[in-house]
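Trainee: One structure, as structure tokens, below. Some questions next.
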Amino acid sequence: MATQIIPCSSSSTTFSSSSLNQETFSSAKFFKFFTKSSPSRWDFKIHSRINPKNQFELKSSNGYPLNAVSLQDGAAEKPLAKEIVLPEQTESNLSVTVVGASGDLAKKKIFPALFALFYEDCLPQNFVIFGYARTKMTDEQLRETISRTLTCRIDKRENCGDKMEEFLERCFYHSGQYNSEENFAELDNKLKQKENGKSSNRLFYLSIPPNIFVDAVRCASGKASSKTGWTRVIVEKPFGRDSESSAELTRSLKKYLAEDQIFRIDHYLGKELVENLSVLRFSNLVFEPLWSRNYIRNVQFIFSEDFGTEGRGGYFDNYGIIRDILQNHLLQILTLFAMETPVSLDAEDIRNEKVKVLRSMRHLRLEDLVIGQYKGQSKGGKSYLGYTEDPTVPNDSLTPTFAAVALFIDNARWDGVPFLMKAGKALNTRRAEIRVQFRHVPGNLYKGNFGMDMDKATNELVLRVQPDEAIYLKINNKVPGLGMRLDRSDLNLLYSMRYPKEIPDAYERLLLDAIEGERRLFIRSDELDAAWSIFTPLLRELETKKIAPELYPYGSRGPVGAHYLAARYNVRWGDVTGDE
């Protein structure tokens, strides 16, 4: 039976199962398992995505299908803008509007990602890109600004200059206020001129502060939404500061948009190793039977940056490391790791399982948390400012720049297994990884060779998300020789060696998914509510009691308290064991 692969180009490619030979899926060195190959998108799109009419649909009284979200969220206010799905045979324009086009995120991530998609032939033939911001700027000035950040794939530079020119010719700019319906109506007129009367789909990327999300959505949906195709809006985090503000933001957005028009982006879900997580687990028989409390002793999600706020203190001080990293990036990865096998790869099936994990999580207690804040230090002849020495940060700020927390999932699969999260700024290294530490071998015949420290004999699976993407498994083996000396070795899949092509940026994958209507890597409203319900009580207690964070030197491993937290659950942080 043929397996259908959906690449970026508009035409599908069909490969026979025989053409997917052993070499195609061999991983590296001594062990083999299926992973998602980084250069291509082998998402194995389900037929429901290719031909949604084959699905069983519940229809409302007006004849439109009810999706899973509308069934869960209950009766919602009628949105002013509806997503209209055109027949596939109709050739449509795609109009992308980057709202907040003068900001750093737009210049450094969004425009380069759109160019990369254009370079890889992932965008429709008829597309146009508009920048929208308050800054006064001409089309040429926008093109000059974004041209400085555009790059081509390392292995595809032969026609880079021509491609850039062609892309920049499709980029335009309109200046306006984010709360002005008149300015968005002017944008609508410009979009219509570029669309040449053809049916059009419109994507709005909100690269703006969260306090003006609703104004921009109100104006865009009312004055600049597509009348002949779909209209979708990508919303950047933060999605509120707590349960109440998040719920209010969701209610406000749903006054103007349907749930399936809102794409809440968490760029970490677009990382190659995060997307590969479910492939590794569900397509390799060697892992799935081990994925439970019976064999896994603990799971660690580690995020560290080797720099401080450095001028971003004004934004960061209002949120802190718990809201910025733990509540979204790491918690989202945890749900993908711990969820049960979904019914299919359909977005709603996957997100349903993620929500079940969040709703099964135990309430956090203050004793399950350690917070820290970096202080200044001189190192290597250079002085590094502490967090409160940043001129954009209040001198008496108690905002944590480091947090470690122990979470538990109270279900049959994970009962009693500690899930440890750790994230911090101004640490000794930059990394993001998932570490799965397995249980000790019962009655280990070779325990005498490891001495009293049985942790050295523990098998560990590591997924390094960044930098230098890799998957490796720590095993015990005999060192060659006449004696019986054991060694801990790695069976590794290093992406840079196995897949020499450049790995796409997370924003490329997420933008393409939003264009294609694939919601699997975006956050649903009930998922967001469940995530905030875990951390909001803890955040309130921290801020009400004004608990001071433990200080740690800039460039260190973080506060000592994080090690005591892990030790309480008989765990050792995998990134500080010295065998990396």
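The values are calculated or read from the model by the stated rules, or taken from the named source; none is laboratory data. Treat the numbers as computed from the prediction; the structure is a model and nothing was measured. Cβ sites come from the backbone with ideal geometry, for glycine too, and all protein chains shown count toward neighbours. SASA here: full protein model, heavy atoms, side chains in, ligands and nucleic acids out. Shrake-Rupley method; radii C 1.70, N 1.55, O 1.52, S 1.80 Å.
Trainee: Any residue at all in the range 301-310 that is among the hydroxyl-bearing types (S, T, Y) and open to solvent by 20 Å² or more (accessible area, probe 1.4 Å)?
Mentor: no
Trainee: Related question: Please verify whether G320 is small (G, A, S), touching a residue at least 12 places away in the same chain (Cβ under 8 Å), open to solvent by 30 Å² or more (accessible area, probe 1.4 Å) and in the same structural domain as P442 (by the TED database), treating the condition exactly as stated.
Mentor: Criteria not met by G320.
Trainee: Another one. Please note which helices (runs of 4 or more DSSP H) are completely contained in the range 208-303 and include at least 1 residues that are within 23 Å of S95 (Cα to Cα).
Mentor: Hits in the range 208-303: 213-223, 243-253.
Trainee: To continue, here is another question. If you check S252, S278, which single one turns out to be modelled with pLDDT of 90 or more and either within 26 Å of I515 (Cβ to Cβ) or in contact with a strand residue (DSSP E or B) (Cβ under 6 Å, 6 or more places away or on another chain) (or both)?
Mentor: S252
Trainee: Of the residues that sit in the range 164-203 and are in contact (Cβ under 8 Å) with a residue 60 or more places away in the chain, in a helix (DSSP H, G or I) and of a type in the set (D, E, K, R), which one is most open to solvent (accessible area, probe 1.4 Å)?
Mentor: Looking at residues that are in contact (Cβ under 8 Å) with a residue 60 or more places away in the chain, in a helix (DSSP H, G or I) and of a type in the set (D, E, K, R), I get K194.
Trainee: On to the next question. Hey, does the range 258-265 have a residue that's modelled with pLDDT of 90 or more, in contact with a strand residue (DSSP E or B) (Cβ under 9 Å, 6 or more places away or on another chain) and aliphatic (A, V, I, L, M)?
Mentor: Yes, because at least one residue in the range 258-265 is modelled with pLDDT of 90 or more, in contact with a strand residue (DSSP E or B) (Cβ under 9 Å, 6 or more places away or on another chain) and aliphatic (A, V, I, L, M).
Trainee: Still on this structure, I have one more. State which residue is farthest from the chain's Cα centre (by Cα) when the search covers only the range 337-360 and only residues that are of a type in the set (A, V, I, L, M) and open to solvent by 20 Å² or more (accessible area, probe 1.4 Å).
Mentor: V343
Trainee: Related question: Quick one: which residue in L461, L445 is assigned by the TED database to the domain that holds I333, closer than 25 Å to F287 by Cβ and modelled with pLDDT of 80 or more?
Mentor: Answer to the selection: L461.
Trainee: I've got another one for you. Among the numbered criteria (1) at pLDDT 90 or above; (2) open to solvent by 10 Å² or more (accessible area, probe 1.4 Å), which single criterion is violated by T577?
Mentor: So the condition that T577 fails would be (1).
Yes/no per residue for (1) modelled with pLDDT of 90 or more; (2) out of contact with any strand residue (DSSP E or B) (no Cβ under 7 Å at 6 or more places or on another chain); (3) among the acidic types (D, E):
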| residue | (1), (2), (3) |
| --- | --- |
| A68 | no, yes, no |
| K78 | no, yes, no |
| A81 | no, no, no |
| V85 | no, yes, no |
| L94 | yes, no, no |
| I110 | yes, no, no |
| Q125 | no, yes, no |
| I129 | yes, no, no |
| T135 | yes, no, no |
